[in-house]
Amino acid sequence: MEPGYLGAAYGGVEAARVIFGSFWMAGMFMLPRYLVYHQEGLSDPVDAARWVERERRLRRIILTPAMILTWLFGLLLAANIGLFAGGTGLGWLHAKIAIVVLLSGYHGWAVGYSKKLAKGKPTISNRALRMMNEIPALAATLTVILVMVRPF
C-alpha cells in the first residue's frame with residue numbers, strides 16, 4: 001500500500017481506531033478487576049457463577065471485538081503513514097506496536113485466566129492478581145506518550 005492511500009477517509013479510520021481502542025481499553029481495565037473479584041468469591045458458588053457470566057459477556061460483547069477492530073484500523077493507519085513501505089522516523093510507531101502486541105498477549109492471558117477461574121482453578125495469588133491490574137494502565141500511558149511526544 002502506498003503511504004497516504006486513505007486520503008479523505010483518514011479521519012474516519014482514525015476516529016474508528018480511537019473509538020474501538022477506547023472500548024478495548026475500557027474492557028482491559030474491567031476484566032482484570034473482575035478476575036480479582038471472581039477469585040476472591042470462589043468460595044461462594046452462586047457468586048462465582050455470576051462472575052463467570054459477567055466475564056463471558058465482557059469478552060464476547062466488548063473486549064475481543066474491540067481488540068480486533070483496534071488492530072484492523074491501527075494497521076490501516078500504520079500503512080497509511082508508510083510503515084510497510086519503509087517510511088522513516090517511525091521508531092515511535094514500532095514501539096507503540098510492540099506495546100499493543102504485549103497488551104494483546106495480556107488480553108489473551110486474562111481471557112485464559114478467566115476460563116481457569118470458571119473451572120475453580122486459580123493459579124496466582126490475590127496480591128499478584130491485583131498488581132497485574134496495573135498493566136493496562138501502564139500500556140495506555142506509554143502508548144499515549146509515544147503518540148503525542150514521538151520521542152524517536
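Odds and ends about this structure:
- The mean accessible area for residues of the chain, using a 1.4 Å probe and ignoring ligands and nucleic acids, is 56 Å² per residue.
- Distance between the stretch 121-152 and the stretch 57-115 - C-alpha centres, whole angstrom: 14
- Answer label for Cα extents along the principal axes in Å (calculated), chosen among (i) 42, 31, 28; (ii) 56, 27, 19; (iii) 56, 30, 24: (ii)
- Coupling constants for the stretch 137-152 follow from the phi torsions by the Karplus curve (6.51 cos²θ - 1.76 cosθ + 1.60, θ = phi - 60°), and in residue order they are 5, 5, 4, 4, 4, 5, 5, 4, 4, 4, 5, 7, 8, 6, x, 7 Hz; glycine and proline get x.
- Placing pseudo-labels 7 Å out from each Cα toward the beta carbon at I81 and V36 gives an inter-label distance of 3.3 nm.
- Label-point separation in nm, F29 to E53, each point 7 Å along Cα→Cβ: 2.6
- For the chain: relative contact order, % (alpha-carbon pairs under 8 angstrom, 6 or more apart): 38
- Reach of K119 by Cα under 20 Å, taken over aspartates and glutamates that are not fewer than 8 positions away in the same chain: E40, D44, D47, E53, E55
- Sulfur and carbon atoms: percent of accessible area, the chain [1.4 Å]: 68
- Additional length obtainable on full extension of the chain from H94 to A9, 0.36 nm per residue less Cα span: 28.3 nm
- Angle between the chain longest axis and helix 10-40 axis [Cα atoms, degrees, rounded to 10]: 20
The values are calculated or read from the model by the stated rules, or taken from the named source; none is laboratory data. Model, not experiment: these values are computed from the prediction. Every residue, glycine among them, receives a Cβ derived from its backbone with ideal geometry; neighbour counts consider all protein chains shown. Calculation scope for accessible area: heavy atoms of the full protein, side chains included, ligands and nucleic acids excluded. Shrake-Rupley method; radii C 1.70, N 1.55, O 1.52, S 1.80 Å.
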